[in-house]
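The values are calculated or read from the model by the stated rules, or taken from the named source; none is laboratory data. This one's a predicted model, so the numbers in the text were calculated from it and none came from an experiment. Cβ coordinates were reconstructed from backbone atoms using ideal geometry, including for glycine residues, and neighbour counts include every protein chain displayed. Note: accessible area is taken over every heavy atom of the protein model, side chains too, but ligands, DNA and RNA are not part of it. Shrake-Rupley method; radii C 1.70, N 1.55, O 1.52, S 1.80 Å.
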Amino acid sequence: EAVLRDEGFTVSAYTSALKALDDFKPGDFDVVISDVKMPEIDGLAVLERLRATQNPPPVIMITAFATVDTSIQALRKGAYDMLTKPFEPDELIHRVNNALKQMRLESENAELKDVIARGGPFASIVGESQTLRQLLEMARKVAGRDLPVLISGESGTGKELVARVIHDNSPRCGSKFVAINCGALPHTLLESELFGVKKGAFTGADEERIGLVQAADGGTLFLDEVGNLPLNVQKLLLRFLQEKEFYRLGDTTPIRVDLRIVAATNADLLKGVDEGTFREDLYYRLAVSRLKLPPLRDRLEDVALLVAHFIREQNEKFPTSITGITPEALALLKGHEWPGNVRQLKNVIDTAMALEGSERITPAVLEHLIDAADVAPIESPEDYASSLSRFEAAYFGDLLFEHDGNVEAASEKAGVNLATLYRKIKKYNLKR
């Protein structure tokens, strides 16, 4: 209690778990911290009671008797985190801040669904350009038809966002939307991640594990960067699309599920078909409906709307009061090619708001940020490689700066796993 109060938190502390549960009301508390071993009722029972409430807050469990079994039980019952005593005050503050961040993300996701419900089927996708409106009209038509969809487009154009609103406006909207980035996992893990593992299938497989295909039963499975699937997993996915059933790794009993697959790629899959890296039969199974997202450079008239949207988001998330952007700064943004598309624009605006000292974003702040993220024209494979490296170094460097060196927060913002970001930090000698 003392540590949290010193950091400015409002805290209610209890020595009786039952009294705490009596006083608990949904919405009154942002985070709950509970010991595991207590008189009257143990922490796991407290956790179950809290998780049964409407919109439960994140729960951090604290124990001096940490075991693998206790940790697994707590996490399975819905604990956000486990903290072992003794711990440093800074560690407690770090865990609480992470829990608050998770709560904010879930709240923003719920708000996004409300916005979609109030403002039309694709209100969360910002833009009024003709190319975007044509794309959204096609997406509206395919959303209601339970067919596979292939979304193509450059990195940063918003493929997952479109996939989510297709799901939210489909007959499956009441079920799960499960996403996997096929390029973020080693090829050796993709089969088990997608289809699950039978207990005893290999050394270390000590328990049954369902895959994402089974987890998405009734809902939508989103396969991002589907072109990165190895050929053996492509074969398994094709069989599933044909038969509506699959086998877990090491199992001989087929499992039937009912789901919709939405896939996305920033690569030319037909070129992959010609080169033998992507199965032609799988391509036509996935591309029953095809959507191609326009790059930001083809809808620069949407830049002003996007900037206003990102400013509003940041003002709500942080204690900032940026009122807008100067005409000169907006002209600077509209004159840029945006190789990283909407994601790059968002990162530039987010960072600009952290650095800007005036009421509106000015060219003085943007010039440095845009120059740092600029990419030279692509003329040959060698130029592409060096341009990509220059962009990645600037992009990940800006992210680390924006998040004060917090690698976990930066990886979450970028949509890459921690291992990938650590490799980029080492590759480009980035300063945390």
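Output the residues belonging to the range 140-164 that are among the hydrophobic types (A, V, I, L, M, F, W, C), buried (at least 22 other Cβ atoms within 10 Å of the Cβ) and part of a helix (DSSP H, G or I). Can you show your working first?
Going through the range 140-164, the residues among the hydrophobic types (A, V, I, L, M, F, W, C) turn out to be 142-143, 147, 149-151, 161-163.
So of that shortlist, the ones also buried (at least 22 other Cβ atoms within 10 Å of the Cβ) come out as 143, 149-151, 162-163.
Passing the criteria: 143, 162, 163.
Can you pull out the residues in the range 70-94 that are open to solvent by 50 Å² or more (accessible area, probe 1.4 Å) and over 14 Å from residue 37 (Cα atoms)? Give the steps one after another, and end with the answer.
Taking the range 70-94 first, the residues open to solvent by 50 Å² or more (accessible area, probe 1.4 Å) are 72-73, 75-77, 80, 84-91, 94.
Result: 72, 75, 76, 77, 80, 86, 87, 88, 89, 90, 91, 94.
Tell me which residues, restricted to the range 165-180, are within 14 Å of residue 138 (Cα to Cα) and in a loop (DSSP other than H, G, I, E, B).
Scanning the range 165-180 gives 169, 170.
List the residue pairs whose Cβ atoms are under 7 Å apart, where the first residue sits in the range 269-294 and is free of Cβ contacts under 8 Å to residues at least 40 places away in the same chain, the second is acidic (Asp, Glu), and the two are 6 or more positions apart or on different chains.
273/280
Would you point out the residue of the range 32-52, among those that are open to solvent by 30 Å² or more (accessible area, probe 1.4 Å) and touching a Phe, Trp or Tyr at 6+ places or on another chain (Cβ under 9 Å), that is farthest from residue 85 (Cα to Cα)?
Among them, the one singled out is 49.
Report, by residue number, each residue of the range 1-18 that is of a type in the set (Gly, Ala, Ser) and surrounded by 10 or more Cβ atoms within 10 Å (Cβ to Cβ). Explain how you work it out, then say what you get.
If we filter the range 1-18 for residues that are of a type in the set (Gly, Ala, Ser), which is where we start, we get 2, 8, 12-13, 16-17.
Of everything in the range 1-18, those that are of a type in the set (Gly, Ala, Ser) and surrounded by 10 or more Cβ atoms within 10 Å (Cβ to Cβ) turn out to be 12, 13, 16, 17.
Looking at the range 1-113, what strands (runs of 3 or more DSSP E) fall wholly within it and have at least 1 residues that are at pLDDT 90 or above? Don't jump to the end; show me each part of the working.
On the way: elements: 32-35, 59-63, 81-84.
Fully inside the range 1-113 and qualifying: 32-35, 59-63.
If I filter the range 238-261 down to residues being part of a strand (DSSP E or B) and in contact with an Asp or Glu (Cβ under 8 Å, 6 or more places away or on another chain), which single residue comes out as least open to solvent (accessible area, probe 1.4 Å)? Step through it out loud before you land on a result.
Looking only at the range 238-261, we keep the residues that are part of a strand (DSSP E or B), and these are 245-246, 249, 255-256, 260-261.
Of the ones still in play, those that are also in contact with an Asp or Glu (Cβ under 8 Å, 6 or more places away or on another chain) are 249, 255-256, 260.
Values: 249: 50, 255: 32, 256: 154, 260: 8 Å².
In this case the residue turns out to be 260.
Give me the pairs: first residue in the range 395-406 and free of Cβ contacts under 8 Å to residues at least 40 places away in the same chain, second residue part of a helix (DSSP H, G or I) and of a type in the set (Phe, Trp, Tyr), beta-carbon distance under 6 Å, and six or more apart or on different chains, which are they?
Taking only residues 6 or more apart or on different chains, not a single pair turns up.
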